[in-house]
Structure formats: structure tokens, C-alpha cells
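First comes the structure, then the notes that go with it.
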Protein chains: 2
Amino acid sequence: MADYHLTPLEELTDLFRRLPGTGRKTARRLAFYLLNSPEEEVQAFADGVVNARRAVCTCHICQNLSDRDPCGLCTDMGRDLSTVCVVEEPKDVVALERAGEYRGVYHVLHGRISPMDGVGPDELRIAQLLERLSQGNIGEVILATSAGVEGEATTLYLSRLIKPFGVKVTRLAYGLPVGSDLEYADEVTLMRALEGRKEM
Amino acid sequence: MADYHLTPLEELTDLFRRLPGTGRKTARRLAFYLLNSPEEEVQAFADGVVNARRAVCTCHICQNLSDRDPCGLCTDMGRDLSTVCVVEEPKDVVALERAGEYRGVYHVLHGRISPMDGVGPDELRIAQLLERLSQGNIGEVILATSAGVEGEATTLYLSRLIKPFGVKVTRLAYGLPVGSDLEYADEVTLMRALEGRKEM
């Protein structure tokens, strides 16, 4: 192997491996694809990546990624600005918007409290949320963190911080995923679904 | 959703979706990662991609991707230049070199005959292989295409073309993957393993 140099391939594979969730085989497949593509196409891909990154900014109100500040959601007069849904990541906003039901606004924490990963409350956009609350126009905060232990911890931490502002604090319902079979649900989800049962 | 614009995210997601084997969720995860990365890092990623593509060239002898022409393998005097292993893709060269046993050189077809995908013999680097053979320094051609129907068809097609040159034509052995259980092998592999049985 000593005389075997295929440096551009190795370099490109390494670049892709640094992206999250990209293992050796995936990185190599992407590298080969680009090395086999016309140079103009590869240049267009690279330009597109840089331009997208340049065009993105953070909305100073909701902390979501956007192409303008304040973002389209925070300036949408058709939305209920007094209801704030707190999520962990921008992708959660995308998911909730796709569901299409929610008409309030958002607050993106950019993570969740996770001592194992060295993420404490100060690493999240919690100060910005409290600043929004202190302005007094918010009536309800919906905590929509992820359903695991860390999301739970974040929700508890936030609810204690928010309650002194005198606003309603709610959280998303736990329960069975729609369309799923009872027999495949784990015990904790089943227990939560029972606890949260509704009268018909 | 009408007022919801997150254009840089959508653009970047689209860019990644065009890469092979990258679905909507993977593309979005990569897009979010880069949009959350410092602008310098994203610029470095984009530059790296373009530079790798610029640095890569095709070896005029073996048709493999390399950073020079002729490539390090074709100019390695420690290798047996009279034995040529024909593979479908540059990644197959990487796989064989990783195995570390083979000391001959390669010829990369850049595909396999696949009428369903509109790939005929003219789309592959077959003319370049015949040109190498016509120079008369090659004693054995090892056909190492993939083990499916299309690889098989490519191998049969090539063996007919190569035999008139009077060189030895061999193919990789079919059989059980090393370390695998007999009970999990499909019937065709088992049949081939039986056919190819060796005296001990």
C-alpha cells in the first residue's frame, strides 16, 4: 500500500466523514460520486453550500434559523404571538409546521440540558426566552422538547423558571403514536398513554 | 405555511438530496449541521470538495481515479504489470488493495453492462482495456466484476473479447463469505460454493 496514493479521494472522504452520521462507506460513496461528477457541478455544489450558510441568520426573537431577522414566523400577523412553543432544534419547527395545526410562534433552544454532553442551561437560548417573557405579552408557553430523559429534564427546568412570570405552562401529550399497534408500544409509553386517557 | 420561509435550509437540503443515497431526513440533518457551523468551517468544507475534484485525474493506463497520470499503481515497479485485474469502480480497487494480497495492476471499467440503465459496452472503458492488451505485455486478465446478473454479463462479454488476444482469462471465485453460516447462504451461492469445491 506504500506506493498507493489516491489523495483527493482520501481527502474528500475525510471531509464527508466529519459530517454527523456519515460513516466510512457513506463518505466514500459521496466522495466517489463527486470525483466522478463534472467540475462545474462540484463547484456549483460547493458554492451552494457556502451561499446557504451565508444567507442564514438567527431570528433575534425566536432564535430559529431564517433568511431574515426577525423571521417570517415572528412577523406573521396571522399567527398568535401570545403563544410560544419551545422546541430543541430548528428541525422541530419544520416538523410542527408540517403538521400544520399550530398557529402560535416558537422559541428554539438549540439543544437540551445534557450534563453527559457538557450542555448546561447556559449553553441554551434560555435567557432569550426569559427576556421574551419579561416583556409581558405572552400568555402560554408550550414545552415541546423531545420525549427522552434529557428533554424531560429540560422541560422541568424550564417550567420552574417560567412559572414565576405567571404564564400558563403546558407540555405536549405523551401517548401512543397514531397508527401504531398497542403490542409494539413500550411499557413507559403505554403507562403515559393510560395516565393521559381522555373521556369520550 | 405560506408565510414560512427558511430558504437557505431548503436550498441546502435540496443540494444534499441530489447526492446518491441521501434521503430527505439525512439531507436535512446535514443541512442543519452546516447551517449551525461557523462560516469559516463551511467555507473550508466547500473549498475542500472543489480542490479534491480539481486534483483528481484519470490514469490513462488503468482508468482509475488518481492524483497523477499515470497513477501510483501503474508506475509501481514492485507490482506485476503483466497481470491486470478488471473491476467496475475505483472503490473496488480500494477494496482489493485493502485486502493486501494482490500484486498486479488494475483496469477500471467505470460501470458494468446494464441495458436497463442504458449502459452498453461503449459507455465503459473497454476500448482502453483492449488497447492495453494489444500492446502484448499482459499475461493474465482477472475479471473481478460484481457477483450479480449485470456483473456476470459484463464478465462474459469481456472474456469473449479478451480471449482472441491469447491471454489467460480468470475470474474471482464464487463461494461462501468467510465467517458466514451455511444456513444463511442463499441457494445460488451455495450451489456455486459446491461447484467450486477444492480438494483438501
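Name the one entry in B:134, B:146 that is of a type in the set (S, T, N, Q) and under 19 Å from the mean Cα position of the chain (by Cα).
Step by step, each of B:134, B:146 is checked, and only B:146 is of a type in the set (S, T, N, Q) and under 19 Å from the mean Cα position of the chain (by Cα).
Could you pull out the residue among B:83, B:145 that is open to solvent by less than 40 Å² (accessible area, probe 1.4 Å), away from chain A (no Cβ under 14 Å) and over 28 Å from residue B:19 (Cβ atoms)?
Checking each option against the conditions leaves just B:83.
Please state which of the following conditions residue A:87 fails to meet, knowing it meets all the rest: (1) under 19 Å from residue A:172 (Cα atoms); (2) not assigned by TED's automatic domain parsing to the domain that holds residue A:172.
It is condition (2) that residue A:87 fails.
Just give me the residues in segment A:135-187 being among the hydroxyl-bearing types (Ser, Thr, Tyr) and touching a residue at least 12 places away in the same chain (Cβ under 8 Å), in sequence order.
Within segment A:135-187, A:145, A:146, A:154, A:155, A:157, A:159, A:170, A:174 qualify.
Residues being open to solvent by 20 Å² or more (accessible area, probe 1.4 Å) and either in contact (Cβ under 8 Å) with a residue 40 or more places away in the chain or closer than 17 Å to residue A:11 by Cβ (or both): count how many of those fall in segment B:67-76.
Residues meeting the conditions: 2.
Given the condition modelled with pLDDT of 90 or more, under 15 Å from the mean Cα position of the chain (by Cα), open to solvent by 60 Å² or more (accessible area, probe 1.4 Å) and not hydroxyl-bearing (Ser, Thr, Tyr), answer yes or no: does some residue in segment A:116-123 qualify?
Scanning segment A:116-123 turns up at least one residue that is modelled with pLDDT of 90 or more, under 15 Å from the mean Cα position of the chain (by Cα), open to solvent by 60 Å² or more (accessible area, probe 1.4 Å) and not hydroxyl-bearing (Ser, Thr, Tyr).
If you scan segment B:88-108, which residues turn out to be farther than 19 Å from residue A:30 by Cα and either open to solvent by less than 20 Å² (accessible area, probe 1.4 Å) or in contact (Cβ under 8 Å) with a residue 12 or more places away in the chain (or both)?
Result: B:96, B:97, B:102, B:103, B:104, B:105, B:106, B:107.
Which condition number does residue A:133 fail, the rest of (1) under 20 Å from residue A:65 (Cα atoms); (2) open to solvent by less than 40 Å² (accessible area, probe 1.4 Å) being met?
(1)
Every residue in segment A:1-23 that is at pLDDT below 75 and hydroxyl-bearing (Ser, Thr, Tyr), please.
A:4
Against the definition (under 24 Å from residue A:57 (Cα atoms) and either polar (S, T, N, Q) or not assigned by TED's automatic domain parsing to the domain that holds residue A:72 (or both)), how does residue A:145 come out, yes or no?
Yes: the conditions hold for residue A:145.
Here's a check for you: in segment B:167-200, which residue that is outside any loop (DSSP other than H, G, I, E, B) and β-branched (Val, Ile, Thr) is most open to solvent (accessible area, probe 1.4 Å)?
Taking the candidates together, the pick is B:188.
Got at least one residue in segment B:6-15 being buried (at least 22 other Cβ atoms within 10 Å of the Cβ), more than 7 Å from chain A (Cβ to nearest Cβ), more than 18 Å from the chain's Cα centre (by Cα) and of a type in the set (Val, Ile, Thr)?
yes
Going through segment B:16-66 one residue at a time, which ones are more than 7 Å from chain A (Cβ to nearest Cβ), open to solvent by less than 20 Å² (accessible area, probe 1.4 Å) and out of contact with any Ser or Thr (no Cβ under 8 Å at 6 or more places or on another chain)?
B:22, B:37, B:62, B:63, listed by residue number.
Within segment B:98-111, is there a residue that is within 10 Å of chain A (Cβ to nearest Cβ) and of a type in the set (Asp, Glu)?
No, because not a single residue in segment B:98-111 is within 10 Å of chain A (Cβ to nearest Cβ) and of a type in the set (Asp, Glu).
State the number of residues belonging to segment A:148-166 that are surrounded by 17 or more Cβ atoms within 10 Å (Cβ to Cβ) and outside any helix (DSSP H, G or I).
0
The values are calculated or read from the model by the stated rules, or taken from the named source; none is laboratory data. Please read all numbers here as calculations on a predicted model, not as lab measurements. In this analysis, Cβ positions are derived from the backbone assuming ideal geometry, glycine residues included, and neighbour counts consider all displayed protein chains. We work out accessible area using only protein heavy atoms, side chains counted, and drop any ligands, DNA or RNA first. Shrake-Rupley method; radii C 1.70, N 1.55, O 1.52, S 1.80 Å.
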